[in-house]
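A short worksheet on the structure shown next.
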Amino acid sequence: MPGAFRILSAHNLSKSRKKKRRRRPISATNSVSPKTVTVEIKTNAYEEEEEEADVGFNLKTSSCSQSHIIQPLGNLLLLDPSTNIRNPGLGNLQTLSDEVLVDILGLLGGRDLGILSSVSKSLYVFSSHEPLWRNLVLEELKGEFLFYKSWRFTYISSVNPCFSPFSTGPSTLCIRNFYSDYLFQSWLCANLEMKPEWLQRDNIERRRRLSLEEFVNCFEELNKPVLLEGCLEQWPAMEKWSKDRLVQICGDVKFAVGPVEMTMERYFRYSEIVKEERPLYLFDSKFAEKITELGTDYDVPVYFKEDMFSVLGKGRPDYRWIIIGPAGSGSSFHVDPNSTSAWNAVIRGSKKWVMFPPEIVPPGVHPSPDGSEVACPVSIMEWFMNFYGASRNWKKRPVECVCKAGEVVFVPNGWWHLVINLEDSIAITQNYVSRRNLLNVLDFLKRPNANELVSGTKDRVNLHDKFRAAIEAALPGTITQLAAKAKEKMAQNKQLNFWESVADANTGGFKFSF
């Protein structure tokens, strides 16, 4: 785009850095040509009990075709490798992997990327990679930007207000025969629709008008997820929290959106336009302090009223968040902080949930031995593409559901969970500690590496002692009683191991049956 190049060249812009992320490459069998509406990809078929799965992938109807078509390397298998224009346009840089090359370009500023894009078609493709421009916008402009069509256009319009992305004509640069799994998958994940088979499994237990005693005995004590219906009917938020209403009552107040802060108006402008692999998520823990009305428009469901962390008052860790995001946004696999349990209530839209019990690590997820770090795919869509099928035939399958507006999901402590918004969504979530989970939380807070594991507070090291002292002061004897009860329960549930089962209690020797 010559106009954009001239604009960027005229400004001396600062450099930015990009965090390195790893991506699983597309299999060579996934041969595909990108089209405007539909993409057909051949994958390994997984057999479902109910019916054979459809292996086609459909693009979102709102996805736009690329002026420079990037294709996966699988499409090059039956062609002359020299057809790929990638290497000739990179010169000595051709020996670098696409991922490493993008990391290097992430060290450049906008002006340098603009200059580099004029060197060759290959460098134009790499320099136009949207995540590079997203990082520039977020690092240099923070949340003070108006989103236009793409991150690149947004950046250019910010450095030259005279530039209008809406007045530019069609690009005269047409690029073909560029093959890259890394760049293609980023575009593909941003434009894919969720496959029906990814949504059809709904094996969570659903309950309506559940008594508090039933919830405690059947779900909380057993550390078992449940979807609760009919809990939010009296919430004012169910009627009031439209986009227009939130923009009106929040005004110029800024909320946490990824690494920056934005007003509701600017965020909704972005979320209504953007089509990217990892959309920014509005996830703010101070929303009720910023706008009091937001905190009074909902009430904690009766099942979650007991929250032992409340004894710390304002010194408690972060525990509640307003969550807003477009389709495709969400949270990749994680375990909730500080060994707490959680509930998530959908006010607008719908969410797909995938949950694994604490003893089962989801496929494609690699936690560090001490639990302080988790390595997982770049995006949620990539996990569905590359790993979702791996759990279909497991003996212990994940718990899954689609949670719609007016419904609440209970997430027990220690459960791995992934959440993706299926449409524009607004939700409230809170983490809490009840008597059933108090001992787990105390054990977690006193781990040797608490400074790395504990979150939501500045005083990570001393949180255990403060919390325990506050519990003893407010509820004397509670911890002792719970510890005794847990010890008794453990003794009752103890099972003989193999050597105990074959030992003769009278002689101390072994017994054999022939």
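The values are calculated or read from the model by the stated rules, or taken from the named source; none is laboratory data. This structure is a prediction, so every number in the text was calculated from the model and none was measured. Cβ sites come from the backbone with ideal geometry, for glycine too, and all protein chains shown count toward neighbours. For accessibility, only protein heavy atoms count, side chains too; no ligands or nucleic acids. Shrake-Rupley method; radii C 1.70, N 1.55, O 1.52, S 1.80 Å.
How many residues are more than 30 Å from Lys314 (Cβ to Cβ) and either open to solvent by 80 Å² or more (accessible area, probe 1.4 Å) or modelled with pLDDT under 85 (or both) if we restrict to segment 467-501?
16
Any idea which of Pro161, Pro165 is modelled with pLDDT under 90 and open to solvent by less than 40 Å² (accessible area, probe 1.4 Å)? Before the answer, list the steps.
Details: Pro161 fails: open to solvent by less than 40 Å² (accessible area, probe 1.4 Å).
Checking each option against the conditions leaves just Pro165.
Can you confirm whether segment 123-134 contains a residue that is more than 30 Å from Met262 (Cα to Cα) and touching a residue at least 60 places away in the same chain (Cβ under 8 Å)?
No, there is no match, as no residue in segment 123-134 is more than 30 Å from Met262 (Cα to Cα) and touching a residue at least 60 places away in the same chain (Cβ under 8 Å).
Mind checking whether some residue in segment 288-306 is in contact with a Ser or Thr (Cβ under 7 Å, 6 or more places away or on another chain) and in contact (Cβ under 8 Å) with a residue 40 or more places away in the chain?
So the first thing to find is which residues in segment 288-306 are in contact with a Ser or Thr (Cβ under 7 Å, 6 or more places away or on another chain), and the list is 306.
Keeping just the survivors that are in contact (Cβ under 8 Å) with a residue 40 or more places away in the chain gives 306.
Checked against the condition, which is being in contact with a Ser or Thr (Cβ under 7 Å, 6 or more places away or on another chain) and in contact (Cβ under 8 Å) with a residue 40 or more places away in the chain, segment 288-306 yields at least one hit.
Condition first: assigned to a loop (DSSP other than H, G, I, E, B) and more than 17 Å from the chain's Cα centre (by Cα). Now tell me which residues in segment 415-441 satisfy that.
Step one: filter segment 415-441 for residues assigned to a loop (DSSP other than H, G, I, E, B), giving 415, 422-424, 433-437.
Result: Val433, Ser434, Arg435, Arg436, Asn437.
Hey, can you tell me all the residues within segment 448-466 that are buried (at least 16 other Cβ atoms within 10 Å of the Cβ) and either farther than 30 Å from Leu282 by Cβ or free of Cβ contacts under 8 Å to residues at least 60 places away in the same chain (or both)?
Passing the criteria: Ala450, Arg460, His464, Lys466.
Of the residues that make up segment 159-168, is at least one over 26 Å from the mean Cα position of the chain (by Cα) and part of a helix (DSSP H, G or I)?
yes
Taking the conditions exactly as written (of a type outside the set (D, E, K, R), under 23 Å from Asn338 (Cα atoms), open to solvent by 70 Å² or more (accessible area, probe 1.4 Å) and in the same structural domain as Glu214 (by the TED database)), does Phe283 satisfy them or not?
Numbers: of a type outside the set (D, E, K, R): yes; under 23 Å from Asn338 (Cα atoms): yes; open to solvent by 70 Å² or more (accessible area, probe 1.4 Å): yes; in the same structural domain as Glu214 (by the TED database): yes.
Yes; evaluated as a whole, the condition is true for this residue.
Return the pair list, or none, for Cβ contacts closer than 9 Å from residues in segment 99-111 that are closer than 19 Å to Tyr155 by Cα to residues that are of a type in the set (Asp, Glu), at least 6 apart or on different chains.
Leu105/Asp112; Gly109/Glu140; Gly110/Glu140
Condition check ((1) within 26 Å of Val226 (Cα to Cα); (2) open to solvent by 10 Å² or more (accessible area, probe 1.4 Å)) across all residues:
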residue	(1), (2)
Ala375	no, yes
Trp383	yes, no
Ser391	yes, no
Lys395	yes, yes
Cys403	yes, no
Gly406	yes, yes
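For Leu113, are the conditions met, namely being open to solvent by less than 40 Å² (accessible area, probe 1.4 Å) and of a type in the set (A, V, I, L, M, F, W, C)?
When the stated conditions are applied, Leu113 passes them.
Cβ-Cβ distance below 6 Å, separation of 6 or more or different chains: which pairs start in segment 215-227 with a residue that is assigned by the TED database to the domain that holds Arg397 and end on one that is assigned to a helix (DSSP H, G or I)?
Cβ pairs passing all conditions: Phe215/Tyr303; Val226/Phe219.
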